[in-house]
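Notes for the one structure printed next.
The values are calculated or read from the model by the stated rules, or taken from the named source; none is laboratory data. Everything quoted here is computed from the prediction, not taken from an experiment. With ideal geometry, Cβ positions are generated from the backbone for all residues, glycine too; neighbour counts draw on all protein chains shown.
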Amino acid sequence: MYTTLISVSELQALQSSGAPLLVFDCSFDLAQPDAGRDMFAQSHIAGAVYADLNTNLSAKGDPHVTGAQSGGRHPLPSREKFAQWLSEIGFANAKQAVVYDRQGANYCGRLWWMLKWLGHDAVAVLNGGLQAWTAQAGELATGAPVASHARGDGFSISPSTVALVDAATVLGNLGHSQQTIVDARAAPRFKGEMEPLDPVAGHIPGALNRPFGQNLTPEGFFKPAAVLRAEWEALLGQRPSDSVVHQCGSGVSALPNLLAMEIAGLHHSALFAGSWSEWCSDPSRPVATG
């Protein structure tokens with residue numbers, strides 16, 4: 001069972017073994033929401049299914065979403081609706097999931113976390129993404145995404161293995177040692193020098209900044225565990241890993257940070273799924289810049 005990363009050669013060996021497996025392509029572009037489907041149609045790992053951030057991995061515009069997953073530009077769907085989609089595309093509890101994109105794990109980390117949110121631990125990010133797969137002559141296919149596949153046994157929900165917090169919890173713990181907010185957005189957005197997506201610029205007071213791309217090598221692979229651990233410990237100082245709450249703009253690019261901490265052996269950090277887009281939607285919540 002692969003639970004954090006899987007290499008190209010490990011994925012190829014799994015495919016050859018005939019083990020229960022489903023590969024997900026999560027490629028996306030926030031500026032052009034249809035571009036991910038076009039990328040998939042042009043080239044994807046043979047046998048992969050497409051997971052769309054807006055329609056499969058979030059509940060944009062769904063008035064029935066409530067609770068901790070309700071806020072921000074990419075609110076989480078209900079666990080039941082997400083499980084229904086997994087069943088429709090042929091995923092089952094006995095299968096290993098492998099997720100990838102071609103944007104530095106920016107989008108596939110969301111599906112990695114969401115499967116664990118449904119209690120499915122056998123999910124791993126393809127290290128290096130589609131670029132690594134192509135470089136090692138992995139089998140590719142073309143063609144538009146298919147809406148549904150053989151249902152098989154279906155997927156059933158188990159207790160979550162990850163932590164999710166809401167805006168009220170983050171607000172209530174501001175300034176307390178039991179909470180360390182880590183913002184995964186680029187430094188200019190964190191500082192409030194620019195804001196291309198949300199109506200307010202800045203960051204949650206007291207947050208630390210670790211742009212998610214800092215977890216990767218120039219070639220697009222996650223850095224070795226020891227390197228990641230050293231870098232995260234330098235950022236956190238004496239703050240424990242279970243105090244960390246990850247956020248970004250809308251709960252997507254925060255997840256490479258959470259995954260990097262897991263790779264580094266720094267466990268039990270949480271996700272604030274609504275992230276900055278939810279936080280700044282309420283003018284009564286404090287905002288910091290600089």
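What number of residues in region 270-290 are on the phi > 0 side of the Ramachandran plot and in contact with a Pro (Cβ under 7 Å, 6 or more places away or on another chain)?
Looking only at that region, the number is 0.
Taking interchain pairs and intrachain pairs at least six residues apart, which have beta carbon atoms under 8 angstrom, with the first residue in region 81-101 and in the same structural domain as GLY18 (by TED's automatic domain parsing) and modelled with pLDDT of 95 or more and the second surrounded by fewer than 17 Cβ atoms within 10 Å (Cβ to Cβ) and in a helix (DSSP H, G or I)?
Filtered contacts from region 81-101: no entries.
Residues to consider are GLU219, GLU195; find the one that is closer than 30 Å to GLN136 by Cβ and either more than 19 Å from the chain's Cα centre (by Cα) or not charged (D, E, K, R) (or both).
So the residue among GLU219, GLU195 that is closer than 30 Å to GLN136 by Cβ and either more than 19 Å from the chain's Cα centre (by Cα) or not charged (D, E, K, R) (or both) is GLU219.
Which pairs do you get when a residue that is in the same structural domain as VAL227 (by TED's automatic domain parsing) and among the β-branched types (Val, Ile, Thr), found in region 242-265, comes within reach of a residue that is part of a helix (DSSP H, G or I) and surrounded by 24 or more Cβ atoms within 10 Å (Cβ to Cβ), reach meaning Cβ atoms under 7 angstrom, with the pair 6+ apart or on two chains?
Going by the 7 Å Cβ cut-off, the qualifying pairs are VAL252/ARG110.
Considering only residues that are at pLDDT below 90 and among the hydroxyl-bearing types (Ser, Thr, Tyr), look in region 23-79 and name the one that is surrounded by the most Cβ atoms within 10 Å (Cβ to Cβ).
Checked region 23-79; the qualifying residue surrounded by the most Cβ atoms within 10 Å (Cβ to Cβ) is SER70.
What about PHE28, is it assigned to a loop (DSSP other than H, G, I, E, B) and within 22 Å of ALA135 (Cα to Cα)?
Criteria met by PHE28.
When you scan region 28-42, do you find a residue that is more than 22 Å from GLU219 (Cα to Cα), of a type in the set (Lys, Arg), assigned by TED's automatic domain parsing to the domain that holds GLU80 and in contact (Cβ under 8 Å) with a residue 60 or more places away in the chain, even just one?
Scanning region 28-42 turns up at least one residue that is more than 22 Å from GLU219 (Cα to Cα), of a type in the set (Lys, Arg), assigned by TED's automatic domain parsing to the domain that holds GLU80 and in contact (Cβ under 8 Å) with a residue 60 or more places away in the chain.
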